[in-house]
Amino acid sequence: MNIIENLKNNRNLSDSEFKEILETNQYDDLLVKEADKVRRGIYGDEVYIRGLIEFTNYCKNNCYYCGIRCGNTNAVRYRLDKDEILACCDEGYKLGFRTFVMQGGEDPHYTDKLICEIVSSIRERFSDCAITLSIGEKSKQSYKDYFNAGANRYLLRHETADNKHYSKLHPESMSLDVRKQCLYDLKEIGYQVGSGFMVGSPYQTTENLISDLRFLQELQPDMIGIGPYITHAETPFAAFKSGDLHLTLRLISILRLIFPYALIPSTTALGTIHPEGRELGLKAGANVVMPNLSPVSVRKLYALYENKICTGEEAAQCRGCLEKRVESAGYRIVTAVGNVKK
Ligand code: 5AD
Ligand code: FES
């Protein structure tokens, strides 16, 4: 049996086998083929859409890779208030979105009380929708409060599962242990949890990527988001080059084979490094897309990295655009909450 069949059947490989398939392109066609087979076996041609509302680009953290880090004094900052966020949801609902993802920097302006108010207003108005939060590291009590207010999913990428690598990407005030604890807290509370990592971030090695896979195997998240690292001029990593398309696609396929049931987005970052990046991501095993519902006026400002797509006037309606793209790749957007199948 070949190595890819092994991966598919056992949902696992040894470290040295993972290293082998990560470091060559010779299995790529087979990986994509098998990942697509597995994905179609469970999810058919369905692609789930999540409406992304980037509600604040203020952030108290200073991650070295991120364009909205507090140290970037050139960033123009904005916040959306509750009514503006609800207006995004209204618009999204009409377009067929049944999951709203509230994503933002770690912004102390949004106290737990305010987050809970916003979440319960969305919950009240859209009882048939899933509410996803992506607002970083909080205490377990805070996570519980948001959950009780009506949030049911949480996205928090671990970024890298290697301690040394983590400390090269983040200031000393941040630690991988805290990050992991947050993820376990979220799971215990009952959230559907998403984690993930950047591909090709500065100093990343194949061994680091294997640690990422091992950590995800331990965490068993419902959602796994990965995308290429993309450089941003106003960060200490300005001189590093962006992550590789093919390595990202290879990892999406590997993740699909390890986690057949996972919800895996084809990310905006993937669409940014290649004009057909998101289509290729779907073909490689991804089954979620997360178009932007933020007001067009702020989209350029939520710049985690450079040249982000869907920020111009032409992108006022990502739903229509994505519909065509998803179909061209051979799949179909469905209007459903799109829970993970088990
Ligand atoms: N390139 C690619 N992805 C990035 N993120 C943050 N900065 C960058 C960048 N420069 C990702 C992180 C974060 C998610 C919201 O965006 O993985 O968790
Ligand atoms: Fe946003 Fe195409 S998905 S413009």
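Here are the numbers for the structure shown:
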item: Close Lys-Lys pairs in the stretch 55-203, where close means Cα under 21 Å and separation is 8 or more or interchain; result: 21
item: The chain: relative contact order in percent, alpha carbon pairs under 8 Å with at least 6 residues between; result: 24
item: For the chain, the spread of Cα positions along each principal axis, largest first, Å; result: 57, 43, 40
item: In nm, spacing of pseudo-spin labels at ASP15 and ASP112 (7 Å Cα→C-beta vector); result: 3.9
item: 13 Å Cα-Cα reach of LYS33 towards aspartates and glutamates, excluding residues that sit fewer than 8 places from it in its own chain; result: GLU5
item: Distance cut-off 21 Å, percentage of C-alpha pairs in the stretch 1-141 lying past it; result: 61
item: Cα centroid separation - the stretch 328-342 against the stretch 234-289, whole Å; result: 17
item: The stretch 238-342: C-alpha gyration tensor shape, a/c 1.5 cut-off, then a/b vs b/c; result: oblate
item: Among beta bridges that DSSP assigns inside the chain, antiparallel share in %, nearest 5; result: 5
item: ASN2 versus ASP177: modelled label distance in nm, points set 7 Å from Cα along the beta carbon direction; result: 4.4
item: Candidates THR235, THR268, THR111, ranked by Gaussian network fluctuation over the chain, Cα under 10 Å, top entry; result: THR111
item: Rounded to 5, percent antiparallel among DSSP beta bridges of the stretch 51-157; result: 10
item: Pairs of alpha carbons in the stretch 200-264 whose separation is greater than 18 Å (percent); result: 40
item: Protection proxy ranking of 178-185, 246-253 - average other beta-carbon atoms within 10 Å, highest first; result: 246-253, 178-185
item: Alpha carbon convex hull of the stretch 105-208, volume per residue in cubic angstrom; result: 110
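Rule-based calculations on the coordinates, nothing more; no lab input. Since we're looking at a predicted model, the values are computed, not measured. Glycine gets a Cβ as well: all are built from the backbone with ideal geometry, and neighbour counts include every protein chain shown.
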